[in-house]
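The values are calculated or read from the model by the stated rules, or taken from the named source; none is laboratory data. Keep in mind that what you see is a predicted model, and the values were worked out from it rather than measured. We place every Cβ from the backbone using ideal geometry, glycine too, and count neighbours over all the protein chains shown.
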Amino acid sequence: EKAQIGVTGLAVMGRNLARNFARHGHTVAVHNRSYGRTKELVEEFGHEGTFLPAESAEEFVASLERPRRVVIMVKAGKPTDAVIDEFAPLLEPGDMIIDAGNAHFADTRRREAALKERGLHFVGTGVSGGEEGALHGPSIMPGGSPESYAALGPLLEDIAAKVDGEPCCVHVGPDGAGHFVKMVHNGIEYADMQLIAEAYDLLRRAGGHSPAEIAEVFRGWNAGRLGSYLIEITAEVLSQTDAETGKPFVDVVVDQAEQKGTGRWTVQAALDLGVPVSGIAEAVFARALSGDPAVRQAAAGLPGPSATAGAGGADLQADVEQALFASKIVAYAQGFQQIQAASTEYGWDIDPGDMAKIWRDGCIIRAKFLDYIRKAYDKQPGLASLLVDDYFLDAVAGAQDAWRRVVATAAQQGIPAPGFASALAYYDGLRAERLPAALIQGQRDFFGAHTYHRVDKPGAFHTLWAGDRNEVPA
Ligand code: NDP
């Protein structure tokens, strides 16, 4: 008997993916650098399906039907290259290597190009949902060639999460497209988490509520338009009590947020593309600020507002819900714009509505809200910004007064709300009839003769700032 698919790298993610394939009736070849993990998997979970354990790479490759489908689930970076180098020579033209780890999309593009020359398909695949997702149905974002998707897609769709019977898996686009959208997914996740954290902070400090009370507020929100996995788990975390001290769990955790790097990658890529993903950037920077105790300690004596400005708006809770929803819309609008910009830059032809579709379940940002994003792109595939779609436009228009009150309250009371505030600034920037960018163009022309365009006639112009200050065509 041959296996339909093989998984190499059997730490928590690889093991669960292999089990997921097996539970769906596929025969799965399994391999790991050190045989211990392979043995453990078969001993513990062998009854869940048919596994073909292999001690060596050669044995593993020989146990796969052709074209071979080899899923790599190892640490991103050098280990992934090492595993590719080990397997590529053992494979034959038409075979596929599927990198399901969290690779940087530029690495994926490089690997895909190199393996294509050897006649191999390389499929950089984003997998979201953590270990539970891998086992019970992740959101899957495969890149690579359309031919490879024809041979691989049905298996991935089988193990993916489903919404109304539709799999949370779609061929995203060629080469690095899958890993790119997985990266932006994670970036949006950073923004979402930061906004939720700001909402909590405001309810706690401006509203004077306890973590347990705020957990209830989040539970209420979860039943409404904010309904999502992240809101749901936030309520769980906030209602947790520390067994040792009896204090709220959130009060015994060190307030320094860590990161593994995909948020930073998203912002770096956005800078290269020139797309303002300020929501994601603020989230990455807020984690960086929290994680710098030396600077925080040195700055701890900086004065705050001289008088507290009351307890915020008349109904802080309702206002914060509005601010959270509006800021979330901005963060998603920015993330989707980044995907569209990359799609144009790299010729990926990504359907943004498809991304909203496959993020509705299985992944960390899963939410009711994504259905509206999908509908927006179905209605208007070339939508310039989510903010101009009817549903989102109405939501933001309805929220904006409350949103402004919340940002003002945060500023007056000295509570940091970089996510809310920068989302609002982005919104006001987008809708502005005139921006002070005109002044910046003037400054650039003054010190660097960088020229400018006029509102009333075509062409580029320069003013002789150091001379008679007359304007000349550039
Ligand atoms: P780890 O990232 O901890 O990687 C451990 C695995 O990599 C082990 O199987 C290990 O083999 C193998 N490995 C490490 N170095 C090498 C090498 N040089 N050659 C061969 N194999 C090597 O495992 P995870 O399961 O946590 O994650 C796997 C991938 O999935 C990563 O890319 C991660 O970013 C991604 N991912 C993880 C998620 C999560 O929630 N954990 C969510 C989504 C994606 P050995 O047992 O022999 O040491």
Search result, residues across segment 8-35 that are at positive phi and away from the ligand (no atom under 15 Å from the Cβ): GLY25
Residue that is nearest to the ligand (Cβ to nearest atom), among those in segment 36-82 that are under 24 Å from THR108 (Cβ atoms) and β-branched (Val, Ile, Thr): VAL74
Unmet criterion (only one of (1) of a type in the set (A, V, I, L, M); (2) surrounded by fewer than 14 Cβ atoms within 10 Å (Cβ to Cβ); (3) within 21 Å of ARG15 (Cβ to Cβ)) for ALA150: (3)
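Can you find even one residue in segment 41-58 that is under 25 Å from LYS260 (Cβ atoms) and either touching a residue at least 40 places away in the same chain (Cβ under 8 Å) or in contact with a Leu (Cβ under 8 Å, 6 or more places away or on another chain) (or both)? Outline the logic, then answer.
So in segment 41-58, the residues under 25 Å from LYS260 (Cβ atoms) come out as 41.
Then keep just the ones that are either touching a residue at least 40 places away in the same chain (Cβ under 8 Å) or in contact with a Leu (Cβ under 8 Å, 6 or more places away or on another chain) (or both); that gives 41.
Yes, segment 41-58 contains a residue that is under 25 Å from LYS260 (Cβ atoms) and either touching a residue at least 40 places away in the same chain (Cβ under 8 Å) or in contact with a Leu (Cβ under 8 Å, 6 or more places away or on another chain) (or both).
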Subset tally (residues that are under 26 Å from the mean Cα position of the chain (by Cα), assigned to a helix (DSSP H, G or I) and of a type in the set (D, E, K, R)) for segment 174-217: 5
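So for segment 258-280 (the condition being hydroxyl-bearing (Ser, Thr, Tyr), over 20 Å from TYR200 (Cβ atoms) and exposed (fewer than 14 other Cβ atoms within 10 Å of the Cβ)), does at least one residue qualify?
From segment 258-280, those hydroxyl-bearing (Ser, Thr, Tyr) are 262, 266, 278; that's our starting set.
When the remaining residues are screened for being over 20 Å from TYR200 (Cβ atoms), the result is 262, 266, 278.
In the following step, the residues that additionally are exposed (fewer than 14 other Cβ atoms within 10 Å of the Cβ) were identified as none.
No, there is no match, as no residue in segment 258-280 is hydroxyl-bearing (Ser, Thr, Tyr), over 20 Å from TYR200 (Cβ atoms) and exposed (fewer than 14 other Cβ atoms within 10 Å of the Cβ).
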Boolean, PHE105 is of a type outside the set (Val, Ile, Thr) and touching a His at 6+ places or on another chain (Cβ under 6 Å): yes
Complete set of residues in segment 354-368 that are of a type outside the set (A, V, I, L, M) and surrounded by 22 or more Cβ atoms within 10 Å (Cβ to Cβ): LYS357, TRP359, ARG360, ASP361, GLY362, CYS363, ARG366
All positions within segment 439-453 that are within 24 Å of VAL277 (Cβ to Cβ) and loosely packed, with under 13 Cβ neighbours inside 10 Å: ILE440
Test: ALA215 is closer than 24 Å to SER128 by Cα and either surrounded by 24 or more Cβ atoms within 10 Å (Cβ to Cβ) or modelled with pLDDT of 95 or more (or both): no
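Just a yes or no: is a residue in segment 89-98 within 16 Å of the ligand (Cβ to nearest atom), farther than 18 Å from LYS182 by Cβ and either without any contact (Cβ under 8 Å) to a residue 12 or more places away in the chain or buried (at least 20 other Cβ atoms within 10 Å of the Cβ) (or both)? Lay out the reasoning, then the answer.
Here is the first cut: in segment 89-98, the ones within 16 Å of the ligand (Cβ to nearest atom) are 89-90, 97-98.
Now drop any that are not farther than 18 Å from LYS182 by Cβ, which leaves 89-90.
Restricting the remaining residues to those that are either without any contact (Cβ under 8 Å) to a residue 12 or more places away in the chain or buried (at least 20 other Cβ atoms within 10 Å of the Cβ) (or both) gives 89.
Yes, segment 89-98 contains at least one residue that is within 16 Å of the ligand (Cβ to nearest atom), farther than 18 Å from LYS182 by Cβ and either without any contact (Cβ under 8 Å) to a residue 12 or more places away in the chain or buried (at least 20 other Cβ atoms within 10 Å of the Cβ) (or both).
Can you tell me which residues in segment 260-303 are within 16 Å of the ligand (Cβ to nearest atom) and either touching a Ser or Thr at 6+ places or on another chain (Cβ under 8 Å) or within 22 Å of ALA342 (Cα to Cα) (or both)? Lay out the reasoning, then the answer.
From segment 260-303, those within 16 Å of the ligand (Cβ to nearest atom) are 260-266; that's our starting set.
Once the filter is applied, which keeps residues that are within 16 Å of the ligand (Cβ to nearest atom) and either touching a Ser or Thr at 6+ places or on another chain (Cβ under 8 Å) or within 22 Å of ALA342 (Cα to Cα) (or both), segment 260-303 yields GLY261, THR262, GLY263, ARG264, TRP265, THR266.
Of the residues in segment 352-367, how many are part of a loop (DSSP other than H, G, I, E, B) and farther than 18 Å from GLU131 by Cβ? Even if it seems obvious, please write down each step before you answer.
Of segment 352-367, the ones part of a loop (DSSP other than H, G, I, E, B) are 359-366.
Of the ones still in play, those that are also farther than 18 Å from GLU131 by Cβ are 359-360.
The total comes to 2.
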Long-range neighbours under 6 Å by Cβ, at least six apart or interchain, first residue closer than 14 Å to ALA103 by Cα and modelled with pLDDT of 95 or more within segment 133-148, second more than 15 Å from the ligand (Cβ to nearest atom) and in a helix (DSSP H, G or I): GLY143/ALA177
Extreme residue, farthest from ALA29 (Cα to Cα), among residues of segment 99-116 that are of a type in the set (A, V, I, L, M) and within 16 Å of the ligand (Cβ to nearest atom): ALA106
